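Worksheet for the structure shown next.
Nothing in this text is a laboratory measurement; each read-out follows from the coordinates by a stated rule. Since the model is a prediction, treat every value here as computed from it, not as a measurement. Please note: Cβ atoms are built from the backbone with ideal geometry, for glycine as well, and neighbour counts cover all protein chains shown.
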Amino acid sequence: MSDTSTHLSISPTELKFRFELRKNIPVTISLQNPTGEKVAFKVKTTSPKKYCVRPSSGYVDAGGHKDVQVIMQAQKEYPPSLADCKDKFLVQSVKVGPEVMEATPDLFDPAKGQDIKQVKLRVVLVGIKPPSPVPEGVEEEALSPGRNAFRENGAAAAEAGSAAARSSAPAPAAGPADDLAAVTRERNKLRDSLARVEKERGDVAKRLEQLEADRRTRGATAQLRAELGWLALLAALAPGLGLGDW
């Protein structure tokens with residue numbers, strides 16, 4: 001929960017997103033109003049193009065609560081480091097009169113002397129990694145901060161069991177390394193296909209050049225034969241035309 005000096009109790013104070021490529025990832029922020037007055041709120045983020053907040057502003061009645069959904073838009077590539085996420089959220093709150101029905105921007109203007117409370121929420125990215133099988137009798141090492149040490153909605157998978165049970169369990173979802181290997185294999189296939197296409201194109205070009213050379217050769221031969229035919233005809237007609245004395 002947030003500090004009791006604020007207008008709203010906010011949970012959680014760290015937004016944990018279980019990061020997956022090409023998927024929208026939702027996280028819910030719970031706003032509780034422990035005061036006896038109506039409280040308006042506004043949610044801001046350092047990365048507005050990356051996250052969608054619904055609703056991004058509104059109000060919570062005295063003693064009431066409201067859920068705000070934060071959605072990380074589907075990402076096309078992995079960040080450089082999951083453990084070094086710099087994204088943050090800011091929840092602003094201010095007490096308002098019962099007649100206020102909309103959280104307008106002027107309510108959060110410090111120049112108007114409003115008693116505005118602010119709570120910063122840090123973003124934590126949790127990667128999906130398959131569990132490592134541990135031989136019986138060997139104590140499992142503690143999870144490091146960069147590994148997937150969190151469970152959503154308290155649904156923790158049972159980690160006890162025999163080695164045979166682990167080996168018969170369904171294969172875990174592919175992680176970043178598997179995705180990278182698949183992309184590399186696909187790239188190599190495309191590279192081989194491109195090389196084959198280039199070679200075939202070169203062979204076709206050589207064949208066309210050969211055909212053009214053959215065509216030119218056949219044309220020259222035909223012309224020479226025609227000329228020789230005319231010469232033979234003239235030689236045959238020469239005596240009758242009186243050309244023999246020339």
Where labels lie 7 Å past Cα in the beta-carbon direction, separation of ASP109 and GLU227 in nm: 9.9
Taking the simple approach of a point 7 Å from Cα along Cα-to-Cβ for both GLU200 and ALA182, what is their distance in nm? 2.7
Local charge sum around THR45 (other residues, Cβ-Cβ under 10 Å, Lys/Arg +1, Asp/Glu -1)? +3
Could you tell me which of rounded, prolate or oblate describes the stretch 174-238, using a ≥ b ≥ c as the square roots of the eigenvalues of the alpha-carbon gyration tensor, with rounded for a/c under 1.5 and, failing that, prolate when a/b is larger than b/c and oblate otherwise? prolate
Highest first, please rank the peptides 198-208, 15-25 by the mean number of other Cβ atoms sitting within 10 Å of their residues. 15-25, 198-208
Going by a ≥ b ≥ c, the root eigenvalues of the Cα gyration tensor, does the stretch 9-127 fall in the rounded group (a/c under 1.5), the prolate group (a/b larger than b/c) or the oblate group? prolate
The stretch 174-238 - charge dipole about Cα centre, Lys and Arg +1 at Cβ, Asp and Glu -1, debye rounded to 20: 180
Between LEU190 and GLN69, Cβ-based FRET efficiency (R0 35 Å, step 0.05) works out to 0.30
